[in-house]
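The values are calculated or read from the model by the stated rules, or taken from the named source; none is laboratory data. Just so it is clear, the structure is predicted and the values come from calculations on it, not from any experiment. For neighbour counting, all protein chains shown are included, and Cβ atoms are generated from backbone atoms with ideal geometry for every residue, glycine included. What goes into the accessible areas is simple: the full protein's heavy atoms, side chains included, and nothing from ligands, DNA or RNA. Shrake-Rupley method; radii C 1.70, N 1.55, O 1.52, S 1.80 Å.
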Amino acid sequence: MNIKKEIEAITGEVIEMRRDFHRHPELGFQEFRTSKIVREYLESLGLDEVHTCSGTGVVGILKGGKPGKRVILRADIDALPIQEESGEPFASETPGVAHACGHDGHTAMMLGMAKIWAAHREEIEGTIVFLFQPNEEDAGAQIMIDDGVMDITGKPDAIFGYHLWSTMPLGSIGAHPGPTMASSYYYKVKIHGKGGHGGYPHTAINPIDAATYVLSAIKSFTTLEQNVFDPTVITCCMIHAGQKEIIVPETLEMEGSIRCLHVEHERVHARFREIVEQACALCRCTCEIELKCGNSLLNNDPALAELARQVACRIVEPDMVYTKDIAVMGGDDFAEFLQYGPGFYFFVGMEDEASGVGEDHHHPGFRVHEDALPLGMEMLMELVTEYLAK
Ligand SMILES: [Zn+2]
Ligand SMILES: [Zn+2]
C-alpha cells in the first residue's frame, strides 16, 4: 500500500469528521456523541472487535493478515470547559465547551487511519489496537486501566500516541527520546496554627507566616538544591486563609503541583514533604500534606524514538524533525499506558503565521491547522508499518 496516496484520498473525510467533532465538543467522560460516532465508524469498517470501556472509551482491534506484534495506538477524545473564540465557521455550538487542545483532530486522524488499515488488513504484519480515550485532561487513562482496558487490548509490544502541537512550525515533527512530558502531582497542604487577635500576634500562631516560609523554602529547593538539568517545577496556585483583617486565622490551605521531567520524582516528593513540615515547625505550626498523581512521566522509549526519527526524516526535511528542546513541563496521561510496554509519543507541528495558527493549547482562540492532520497520519502509519516489519 502507498500510505501517502491512501491518506490523500481520505483527508477530506478526516477533515469533515474533525469539524463535526469540533462543532460538538464534549467534556471528559461525557463524550457520548463522540463515542457513539467512533464506535459505529469502527464497526462499519469491519474490525475484528469493538469494545467500550469506562463509559465513553472505545477500543477497536484489527488483526492483520500476517502474524506479528501487537501495537496500541491511542487518541484522546475529550474537550475543555472553555468558551471558544477561535472565529472558525465550525466553532463549538455548545456554550462553555470547546475543543481547545486539538483532540477533535486526534480522534478524526485515528478513524482515518483505521479505515485505511482495515481496507488493507491482509498486508498488516500483526495486530493494531485503536484506543480512544476519554477525559485526557483529567486522568482518564488511569480510570480506563482501573476498569480493565488492558484486558481488552491485550499485552502490547509497543504503544504509540501523538499530539497536534501549536508551538512547533507547521510541517515539523517532534520525535523526542526519553523524558518528554513531565510527571505531575497535585499537592494540598493544610497548615494548623493558633487563632487569635490581630493586635496581639504573639498570643497567636499565624499559619500565613508559615506559608511564606514554605513558599520561599520550596523556591530555594527547586533553584539551589535540585540539579537544574533535572527540570523540576513546584507551583502554588491556591491559598485560602482568614476571614477578617483583625483575626489571626487558625488554619491555611495551599494547593499546587509538583512537576518533574526526570525519573526521580519520588525523591523530590520526599524532600517536598520534609521542607514543608520543617518550614511549618519553624513557625510553630503543624501540617498535613496530601499528594495525588495527575499523570506520570511520559518517558519515550529511546529505541522507538530513534526509529521514529529515521521515519520522520524520510517524510519531511531533516531540519523539520525536532529531537530536542521540545520537552515540556505539561503532562499527558498517555504516560499511564507506558507501564504496560515501551511507548513513543510525538508532536505534529501546526504553527503558521500566514494562517494565524499558533495560539496556545487551552486558549479560547486555539485553532488546529488542518494541513497537519495528513502529516500526523503519515508519520504514525509509516512508523507503525516499519515497527511491525522489524
Ligand atoms: Zn490539553
Ligand atoms: Zn491535549
Got a number for residues in segment 21-36 being in contact (Cβ under 8 Å) with a residue 12 or more places away in the chain and in a helix (DSSP H, G or I)? 6
Hits in segment 186-202 (condition: open to solvent by 40 Å² or more (accessible area, probe 1.4 Å), aromatic (F, W, Y) and under 13 Å from C236 (Cα atoms)): Y186
Tally time: how many residues in segment 198-234 are under 21 Å from Y186 (Cα atoms), of a type in the set (A, V, I, L, M, F, W, C) and over 28 Å from the mean Cα position of the chain (by Cα)? 5
Among the residues of segment 23-48, the number that are surrounded by fewer than 16 Cβ atoms within 10 Å (Cβ to Cβ) and of a type outside the set (G, A, S) is 6
Residue pairs within 8 Å by beta carbon, gap of at least six or interchain, first lying in segment 193-215 and free of Cβ contacts under 8 Å to residues at least 12 places away in the same chain, second of a type outside the set (S, T, N, Q) and not in a helix (DSSP H, G or I), listed first then second, are T203/G196; T203/H197
Among the candidates D151, D157, D230, D146, single out the residue that is surrounded by fewer than 17 Cβ atoms within 10 Å (Cβ to Cβ), in contact with a His (Cβ under 8 Å, 6 or more places away or on another chain) and over 30 Å from E370 (Cα atoms). D230
Residue check for H51: modelled with pLDDT of 95 or more and either surrounded by 24 or more Cβ atoms within 10 Å (Cβ to Cβ) or touching a Ser or Thr at 6+ places or on another chain (Cβ under 7 Å) (or both): no
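Residues checked against (1) under 27 Å from G64 (Cα atoms); (2) within 16 Å of ligand 1 (Cβ to nearest atom); (3) open to solvent by 10 Å² or more (accessible area, probe 1.4 Å):
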site	(1), (2), (3)
L80	no, yes, yes
P89	no, no, yes
E93	no, no, yes
A100	no, yes, no
T107	yes, yes, no
M110	yes, no, no
A119	yes, no, yes
Residue list for segment 314-337, restricted to those being under 21 Å from M109 (Cβ atoms) and more than 16 Å from ligand 2 (Cβ to nearest atom): R314, I315, V316, M320, V321, Y322
Find all pairs meeting these conditions: Cβ atoms under 9 angstrom apart; at least six residues apart or on different chains; first residue within segment 123-144 and within 24 Å of G65 (Cβ to Cβ) and of a type in the set (S, T, Y); second residue open to solvent by 20 Å² or more (accessible area, probe 1.4 Å) and within 13 Å of ligand 2 (Cβ to nearest atom). none
Filtering segment 100-151 for residues that are of a type in the set (F, W, Y) and farther than 29 Å from Y185 by Cβ leaves a count of 2
Tell me which residues, restricted to segment 74-91, are away from ligand 2 (no atom under 16 Å from the Cβ) and either of a type outside the set (D, E) or not assigned by TED's automatic domain parsing to the domain that holds F344 (or both). Q83, G87, P89, F90, A91
Quick count over segment 45-91, residues being part of a strand (DSSP E or B), of a type in the set (A, V, I, L, M) and touching a Lys or Arg at 6+ places or on another chain (Cβ under 7 Å), is 3
For segment 278-390, give me every one of the strands (runs of 3 or more DSSP E) that falls completely inside it and has 3 or more residues that are surrounded by fewer than 19 Cβ atoms within 10 Å (Cβ to Cβ) and within 17 Å of the chain's Cα centre (by Cα). 286-295
When segment 100-147 is examined, which residues are found to be of a type in the set (D, E, K, R) and more than 26 Å from G365 (Cβ to Cβ)? K115, R121, E122, E123, E125, D146, D147
Tell me, yes or no, whether segment 131-141 has at least one residue that is over 13 Å from the mean Cα position of the chain (by Cα), open to solvent by 10 Å² or more (accessible area, probe 1.4 Å) and either under 29 Å from A389 (Cβ atoms) or assigned by TED's automatic domain parsing to the domain that holds A335 (or both). no
Per the filter on segment 191-240, residues in a loop (DSSP other than H, G, I, E, B) and under 21 Å from R271 (Cα atoms) are Q226, N227, V228, F229, D230, P231
Name the single residue, out of those in segment 94-103 being more than 19 Å from F334 (Cα to Cα) and not hydrophobic (A, V, I, L, M, F, W, C), that is farthest from ligand 2 (Cβ to nearest atom). P95
Checked segment 117-130 for anything within 25 Å of the chain's Cα centre (by Cα) and of a type outside the set (A, V, I, L, M); matches are T127, F130
For residues in segment 104-153 being of a type in the set (G, A, S) and in contact with a Lys or Arg (Cβ under 6 Å, 6 or more places away or on another chain), which is nearest to ligand 2 (Cβ to nearest atom)? G105
